[in-house]
Amino acid sequence: MAIQLKDLLDARVDELRKDTRGEPMPEPPSMSSGNPERCAVSLYSSAGDLVTAGDGDEAFTIQSISKAMTYAMALQEHGHEEVHRHVDVEPSGEAYHVIAVDDVSGKPDNPMVNTGALVVHSLVPGADADERFAVTLETMSRMAGRQLAMDEDVYREEMASTHRNLAIAHLLRAKDILQVDPHEVVDGYTRQCSVLVTVEDLATMAGTLAAGGVQPTTGERVFSQEVVRQVLSVMLTCGMYDDAGDWVSGVGIPAKSGVAGGILAVAPGRLGIGAWSPRLDDHGTSVRGRELVRGLAQKLELHLLDGRPATKLDWDARESVD
Ligand code: GLU
């Protein structure tokens, strides 16, 4: 029997609330405060339809999902060749906070691990942390179609304990991969991670990437198609860190996770997905968020390697799903 997509999402969220595997990130305290059972999902179609289930009004920090946005910004500003002089695009098979660069290339493996993301943050236009963050926030807001803001508490608390990212930034500076002050870069990067979003924001940002860089509601082109193709390629191969292979085979669409429990996933040309729930697996990915995206990818036949017939290419919120 055919059921409406909204009913399907509601039922799935209700079911997943019973799944208590994983733990929320313990630090910083203000990021993990609140009920760990919160769970939400949102879909944004290329036609501009938004469907949300669960705790869709609750905001959480974007964390590492922001790495995809700053990578796109750096590419848009400097072009592929210049950006890739500083950072490679190879899956690392490592956790997000590994303190190492590749032995052979001498560069961070990719822009989705912290080594690469810190270098990429330094390539965002702006003379200092304030300017780079202002441009980052403005670009994320254009993707989301509304003005976003930063969580001051999460930013402050994370800055007080970000020894590992400082170690990475100093390593990059010592190797001359980073050409600006390591403290400024960690500061700007931590602010970019502390931007507050809802699942609807994530779905809308994902929808902008799904639509080749044009924000579907405002019609504004935020990134070129070429930049989006590059970002989605790296999200597909590296976006889920040391879980990337399993994600590509099991889910099959580009995605990026964050340790506050958010996941942004993109079905190119079709739709954007935002999912959120704070309990994380060993890879730092939301347990329920992963299940939500995986289930939707199966139900809506989103896997990129499925070779869908052309008639399945578009989804519309008014349609029902079998
Ligand atoms: N702010 C976190 C860090 O860089 C983000 C990590 C993540 O979301 O994977 O340590």
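The values are calculated or read from the model by the stated rules, or taken from the named source; none is laboratory data. This structure is a prediction, so every number in the text was calculated from the model and none was measured. Using ideal geometry, Cβ is built from the backbone for each residue, glycine included, and neighbour counts are taken over all protein chains shown.
In segment 147-177, the qualifying residues are those that are in a loop (DSSP other than H, G, I, E, B), under 23 Å from the mean Cα position of the chain (by Cα) and surrounded by 15 or more Cβ atoms within 10 Å (Cβ to Cβ), and the one that is nearest to the ligand (Cβ to nearest atom) is 162. Name the single residue, out of those in segment 35-66 being touching a Phe, Trp or Tyr at 6+ places or on another chain (Cβ under 9 Å) and within 16 Å of the ligand (Cβ to nearest atom), that is nearest to residue 133 (Cα to Cα). For segment 35-66, the residue satisfying everything is 66. Checked against the criterion of being within 16 Å of the ligand (Cβ to nearest atom) and modelled with pLDDT of 95 or more, the candidates 80, 121 yield just one match: 121. Within segment 115-146, the set of residues being within 16 Å of residue 165 (Cα to Cα) and buried (at least 24 other Cβ atoms within 10 Å of the Cβ) comprises 115, 116, 117, 118, 119, 120, 121, 122.
Within segment 1-54, the set of residues being outside any helix (DSSP H, G or I) and acidic (Asp, Glu) comprises 19, 23, 27, 37, 49. Filtering segment 224-270 to residues that are modelled with pLDDT of 95 or more, at positive phi and away from the ligand (no atom under 16 Å from the Cβ) leaves only 252.
Every listed requirement among (1) within 13 Å of the ligand (Cβ to nearest atom); (2) β-branched (Val, Ile, Thr); (3) surrounded by 16 or more Cβ atoms within 10 Å (Cβ to Cβ); (4) touching a residue at least 24 places away in the same chain (Cβ under 8 Å) is met by residue 98 save one, (4).
Pairing residues of segment 257-270 that are touching a residue at least 24 places away in the same chain (Cβ under 8 Å) with residues that are outside any loop (DSSP other than H, G, I, E, B) and among the aromatic types (Phe, Trp, Tyr), at Cβ distances under 8 Å and at least 6 apart in sequence or on separate chains, gives 257/241; 260/60; 260/276; 261/60; 261/276; 262/60; 262/276; 263/276. For beta carbons closer than 6 Å, sequence separation of 6+ or different chains, a first residue in segment 179-198 that is closer than 18 Å to residue 259 by Cα and a second that is among the basic types (Lys, Arg) and at pLDDT below 95, there are no qualifying pairs. Note on segment 194-245: residues that are part of a helix (DSSP H, G or I), in contact with a Ser or Thr (Cβ under 8 Å, 6 or more places away or on another chain) and farther than 29 Å from residue 31 by Cα total 0.
Cβ-Cβ distances below 7 Å connect the following pairs, each with a first residue in segment 43-56 that is on the phi > 0 side of the Ramachandran plot and at pLDDT 95 or above, a second residue that is surrounded by 22 or more Cβ atoms within 10 Å (Cβ to Cβ) and part of a loop (DSSP other than H, G, I, E, B), and a separation of six or more residues or different chains: 54/39.
Assessment of segment 44-52 against the conditions (surrounded by fewer than 16 Cβ atoms within 10 Å (Cβ to Cβ) and among the hydroxyl-bearing types (Ser, Thr, Tyr)) yields no matching residue. Among the residues of segment 294-309, those identified as touching a residue at least 60 places away in the same chain (Cβ under 8 Å), within 14 Å of residue 275 (Cβ to Cβ) and under 21 Å from the mean Cα position of the chain (by Cα) are 295, 296.
Can you pull out every residue in segment 256-283 that is surrounded by 24 or more Cβ atoms within 10 Å (Cβ to Cβ) and more than 16 Å from residue 300 (Cα to Cα)?
Residues satisfying the conditions are 256, 257, 258, 260, 261, 262, 263, 264, 276, 277, 278, 280.
When segment 271-284 is examined, which residues are found to be at pLDDT 95 or above and more than 16 Å from the ligand (Cβ to nearest atom)? Hits for segment 271-284 are 272, 273. Restricting segment 246-293 to residues that are over 13 Å from the mean Cα position of the chain (by Cα) and part of a strand (DSSP E or B), which is farthest from residue 90 (Cα to Cα)? By that ranking, first place goes to 271. Output the residues belonging to segment 133-146 that are in a helix (DSSP H, G or I) and free of Cβ contacts under 8 Å to residues at least 60 places away in the same chain. Residues satisfying the conditions are 133, 134, 137, 138, 141. Residue count for segment 178-205, restricted to those that are buried (at least 24 other Cβ atoms within 10 Å of the Cβ), within 15 Å of the ligand (Cβ to nearest atom) and charged (D, E, K, R): 1.
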